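The values are calculated or read from the model by the stated rules, or taken from the named source; none is laboratory data. Owing to the predicted nature of the structure, the values given are computational and were not obtained by experimental measurement. Because the Cβ atoms are built from the backbone with ideal geometry, glycine has one as well, and the counts that use them run over all protein chains shown.
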Amino acid sequence: MHSMNNIASSDLNLLLVLEALLEERHVSRAASRLNRSQPAVSHALARLRDIFDDPLLVRSDGGLQLTARALQLSEPLAEALALVRSMVDHQGLDMRTSTSHFRLSLSDYGAAILLPALVSRLRQSAPLADLSVVSYGRDRALAALMEGEIDLAVGVYPALEQWRSSHLKSTVLFEETFACLIDGSCGYTPLDLTEYLARPHVRVTVGLQDDSEIDMGLARLGHKRRIAVQIPHWSSAPELVRGTDLVLTAARRSIERLANGSLQCCEVPFQLPSFPFVQTWHRRREKDVSHRWLRDEIEAIVRARSQL
């Protein structure tokens, strides 16, 4: 009760400073985000430490880290501020004057199908809003949502069901299937399973030991493909296929648009289940009006693409 009584009698703007410090984990970045001076934010941090009787942020080799008490405060603080903002913005948010900073995790594939249209919409409808994009692996992205490091993750997250009890929410943007990209001048097409297994493959993955749904599907059949080239970035994969006997197995939407000349899109010669492409966020962001606007924009972009 000591902390609550003190915060109730304090300037409630301290909560905004606390939010920025917990999310940025850096006094200067928090000050820039709040459009305040660094000494003012440092003074506010000292007040917050006194109110909560805890250092909240402590120095370590990697910079400032949150204390256990700060981690405990993070979720209820975010929910409380989201509720306050939804009350203030009950007549609707004018995104043209919003200075929101959106932090997304997108794979190369997700960036290719969403980012150009999303940036265009931001420049037209929310010109003062900023966008930061990172490309985290699947588990890392979900952990970053939990920690408040990012606001939204868009992609394929097979482990999402395991995280739902930890307060992650999501919507399915579309169901996706796999297809193969090959250079038709360098081998037989369409591929049968024998030809598929005989040819070398290129795999796009962040981790060195990261078996994909394709590898697991083959393992269930008692087969294993040869990964001749493994890379972390999707953008260079199609050109590795051109002029070679390599096979790229990936999401159909990413491959179909690349089929031109000798590059051909063909069916995967064994059964693989479809998979959902989703956007997911922590429930602390559920009532944040600007966050809801961003989610709606992403859904609109996907709907528009599906009608092409």
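Within region 233-247, count every residue that is touching a Lys or Arg at 6+ places or on another chain (Cβ under 8 Å) and either within 23 Å of F174 (Cα to Cα) or surrounded by 18 or more Cβ atoms within 10 Å (Cβ to Cβ) (or both). Break it down stepwise before answering.
Start the filter on region 233-247 by keeping residues that are touching a Lys or Arg at 6+ places or on another chain (Cβ under 8 Å), which leaves 245-247.
Next, from what is left, pick out any that are either within 23 Å of F174 (Cα to Cα) or surrounded by 18 or more Cβ atoms within 10 Å (Cβ to Cβ) (or both): 246-247.
The number of residues fulfilling the criteria is 2.
When G261 is tested against (1) part of a helix (DSSP H, G or I); (2) at positive phi, only condition (1) is not met.
When region 283-299 is filtered for residues that are under 16 Å from L168 (Cβ atoms) and either polar (S, T, N, Q) or in a loop (DSSP other than H, G, I, E, B) (or both), the ones remaining, listed by number, are E286, K287, D288.
Conditions tested, residue by residue: (1) surrounded by fewer than 16 Cβ atoms within 10 Å (Cβ to Cβ); (2) among the β-branched types (V, I, T); (3) closer than 30 Å to E176 by Cβ.
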position: L45; (1), (2), (3): no, no, no
position: S107; (1), (2), (3): no, no, yes
position: L128; (1), (2), (3): yes, no, no
position: S132; (1), (2), (3): yes, no, yes
position: Y136; (1), (2), (3): no, no, yes
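Scoring V154 on the criteria (1) surrounded by 18 or more Cβ atoms within 10 Å (Cβ to Cβ); (2) part of a loop (DSSP other than H, G, I, E, B); (3) in contact (Cβ under 8 Å) with a residue 60 or more places away in the chain leaves a single failure, condition (2). Close contacts from region 105-117, counting a first residue that is closer than 12 Å to A251 by Cα and a second that is surrounded by 23 or more Cβ atoms within 10 Å (Cβ to Cβ) and of a type in the set (A, V, I, L, M, F, W, C), with Cβ to Cβ under 6 Å and a gap of 6+ residues or different chains, come to G110/V154.
Here E256 meets each of (1) crowded, with 16+ Cβ neighbours inside 10 Å; (2) at pLDDT below 90; (3) of a type outside the set (G, A, S); (4) not assigned by TED's automatic domain parsing to the domain that holds D151 with one exception, condition (1).
Residues that are under 14 Å from L246 (Cβ atoms) and at pLDDT 80 or above: does region 165-180 have at least one? Quick ask: steps written out before the conclusion?
Taking region 165-180 as the starting set, the residues that turn out to be under 14 Å from L246 (Cβ atoms) are 180.
Checking which are at pLDDT 80 or above leaves us with 180.
Yes - at least one qualifying residue is present in region 165-180.
Against the list (1) modelled with pLDDT of 95 or more; (2) surrounded by 17 or more Cβ atoms within 10 Å (Cβ to Cβ), the condition G148 fails is (1). When the criteria are applied in full, A228 meets the requirement of being surrounded by fewer than 18 Cβ atoms within 10 Å (Cβ to Cβ) and part of a strand (DSSP E or B). The residues in region 264-279 that are surrounded by fewer than 21 Cβ atoms within 10 Å (Cβ to Cβ) and within 20 Å of the chain's Cα centre (by Cα) can be counted, and the count is 3.
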